[in-house]
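J.: Pasting a structure here, questions to come.
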Amino acid sequence: MNSGITTIAFDADDTLWVNEPYFQAAEQQFCILLEDYLPQHAVSQELFKTEMQNLHLYGYGVKGFILCMIETIGRVSGETASLQLVNKAIALGRELLQKPIELLPGVKSTLECLREKYRLVVATKGDLLDQERKLKKSGLEPFFHHIEIMSDKKRGDYEKLLNHLDCQPENFLMVGNSIKSDIMPVLELGGFAAHVPYHVTWTHEQYDNTLQHPQFMELNTIDAVLEHLEDSRK
């Protein structure tokens, strides 16, 4: 890895703390709510279709998820579902917004080691209020020079972030669990990217190909980035 890296950005959900398992559990409960209308797997497919249709309107996060559940209820039930069913879906979303923050292994110790040598940044998608809540509850906020809650994570979004940070791509490293959102756009810009896989990934973020790039690293755990950065300085 290049020793010129000065700024390291971290994705938040499923990189710093647990997120997707909570969404999957909520989706499973939602599918059970609608099993009088469709089999659970079919409800899941309908919900995902609704999410993809509305992603450009709602963005990422719990509030968009709630709206998509409500819309799916209407479509799947032929507009016959009760208000009680809608309220149960809303309650699932409210539970998501109040989940405890469970840091992933090695996160805090890794940030403690990096904070003295690098400018640390959070670069994550999601609902602004929810991500701010999670960051505050995580206890990690003091580690970061800048927090960026992004509407999306495409090349242009990273370009705006780098401009704001006054950072050149060759001095930037992105660490995250999504190849599509955290890795590929940064490599396209000429930056460095480290993938820390998580055991569950939202269907929209899944990437099945093998990625090879001189500025890409596949890590088993987040703290493995320390060894790579140390090797680059030798």
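J.: Taking the mean number of other Cβ atoms within 10 Å as a proxy for protection, how do you rank 173-181, 211-219 from highest to lowest?
T.: For the peptides 173-181, 211-219, the packing ranking is 173-181, 211-219.
J.: For the residue pair Lys108 and Glu132, what label-to-label distance in nm results when each label sits 7 Å from Cα along the Cα-to-beta-carbon direction?
T.: Placing both labels 7 Å along Cα→Cβ, they lie 2.5 nm apart.
J.: Same structure again: Express as a percent, rounded to the nearest 5, the fraction of DSSP beta bridges in the chain (both residues included) that run antiparallel.
T.: Numbers: 1 of 22 bridges.
Around 5 percent of the beta bridges assigned by DSSP in the chain are antiparallel ones.
J.: For each of Leu162, Leu128, count neighbouring Cβ atoms within 10 Å of the residue's Cβ, then give the residues from fewest to most.
T.: Working: Leu162 20, Leu128 12.
The most exposed by this proxy come first: Leu128, Leu162.
J.: Okay, moving on. Quick one: which of 99-109, 75-85 comes out on top by average Cβ neighbours within 10 Å, and what's the full order, highest first? Mind dumping the intermediate values first?
T.: Working: 99-109: 14.5, 75-85: 12.5.
Top to bottom by mean Cβ count within 10 Å: 99-109, 75-85.
J.: Nearest 500 deg cm²/dmol is fine: what mean residue ellipticity at 222 nm does the chain get from its DSSP H runs of n ≥ 4 alone, each adding -39,500 (n - 2.57), divided by its residue count?
T.: Details: 9 runs with 107 residues, N = 234.
The helix contribution divided over the chain gives -14000 deg cm²/dmol.
FYI, it's all coordinate maths here, none of it is from the lab. Just so we're clear, the structure is a prediction, and the values are computed from it rather than from any experiment. Positions of Cβ are backbone-derived with ideal geometry, glycine not excepted, and every protein chain shown enters the neighbour counts.
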